[in-house]
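Report on the following structure.
Please treat every number below as a calculation from the coordinates, not as lab data. A quick note: this is a predicted structure, and the numbers were derived from the prediction, not measured. All Cβ positions, glycine included, derive from the backbone under ideal geometry; neighbour counts span all protein chains shown.
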Amino acid sequence: MLGSISVTRTRTGEHGPSSPVGSRGASGHPGVRAGDEEPRSRPSRRVLVLVGGVLLLGLAVLVGLALGSNPIPLPEVINALAGGGDAYTRTVVESRIPRTLQGLLVGACLALSGVIVQGITRNPLGDPGLLGVNIGASASVVTTTAFFGLGGIATIWAALPGAFLAVVVVYLIGSGRGGATPVRLVLAGAVVSAVLSAYIRAMTLSLPEVFGSYRYWVVGSLAGGDMDALLGVLPFAAAGLVLAVLTASPLNALALGDTAAATLGANTTAIRIGGMLSATLLCAAATASAGPIAFIGLAVPHIVRALVGSDHRWQVPLSLVLGPVLLLTADVLGRVIARPQEIMVGVVTAFVGAPALLLAVRRMRGGT
């Protein structure tokens, strides 16, 4: 489906959205010279990074279960998870499990979708919003709230079709003659986002009851995590993960440019369609579950690329680990900073992600 690529493993494994072969590749950013060889220590270093990320994730989960309106010491949290401790501690920990699981799912989906989007667009500043996923989900939520009065868990089922429809429109506009290209997809996403943003503003300004519910959802929050809602979006996230794994290796070839990838036997159209479908499933599941949380899909791919290089076969597993770490950490900060009140996680990630965006821009300007 995604094209058979038998020769990419020797050269393309180290090339990503911002580092194709040659001093300057198809994306216009400095890259790795064709003669450069991968250090022998790189695989073992990557394994250590991945193991370290898993340990950080375990710590983030425990801290997320421990902190809240009633903080609980970490040893008591571990004891409660093992079935020990008093009834009150077990009840508090169990009440925080759905929120923590939601943070794991949403963080992983957003980070992985960001890796895929930056890969298929060869744009290091790309995130799932480029494909219209977030704005499509938001427009659908506004529409169902205005005309059908839906709210609460129903917003999940309202957000999913809107996200998919927006991506389909973006792809149809961005394909045109000669098929979809990174520039066309980005421009099409900007057009669709502008139109839907205007529609959302018109609806929320003219209907106060819609604005009241929409302004809470659009910020993005893990509060009120519900196991039923989580299980509802899990199949979409699982399907997106499978597609992402299948797309990882072909994306290494796509990073060389469409012409070079086609020479290597890659079906660039199939790779982009598979990547877009994967990113849509992942981001739609995350957005439907917690609202449009910003910057995770933008910041994590840059962190991952700095740690393991541009091989998507390593970026995929590490993004699944570091995305939840960043989101759970932001959620904990939101609960601790304004205690006993709470800052929504979408606000915290915006403060964390903005410096990451500035750093990415500086790296691009510096040619690194």
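Between L48 and L246, the modelled label-to-label distance comes to 3.6 nm, taking each label 7 Å out from Cα in the direction of the beta carbon. According to the square roots a ≥ b ≥ c of the eigenvalues of the Cα gyration tensor, what is the shape class of region 8-366, taking rounded for a/c under 1.5, prolate for a/b larger than b/c otherwise, and oblate for the remainder? Note, shape of region 8-366 comes out oblate. Each of T263 and L150 was given a label point 7 Å from its Cα along the Cα-to-Cβ line. The distance between the two points is 4.9 nm. Using the average count of surrounding beta-carbon atoms within 10 Å as a protection proxy, the listed peptides 332-344, 103-115, 229-241 rank, highest first, as 103-115, 229-241, 332-344. Couplings for region 278-290, taken from phi via the Karplus curve 6.51 cos²θ - 1.76 cosθ + 1.60 with θ = phi - 60°, read 4, 4, 5, 4, 5, 5, 5, 4, 5, 5, 5, 7, 10 Hz in order; Gly and Pro are left as x.
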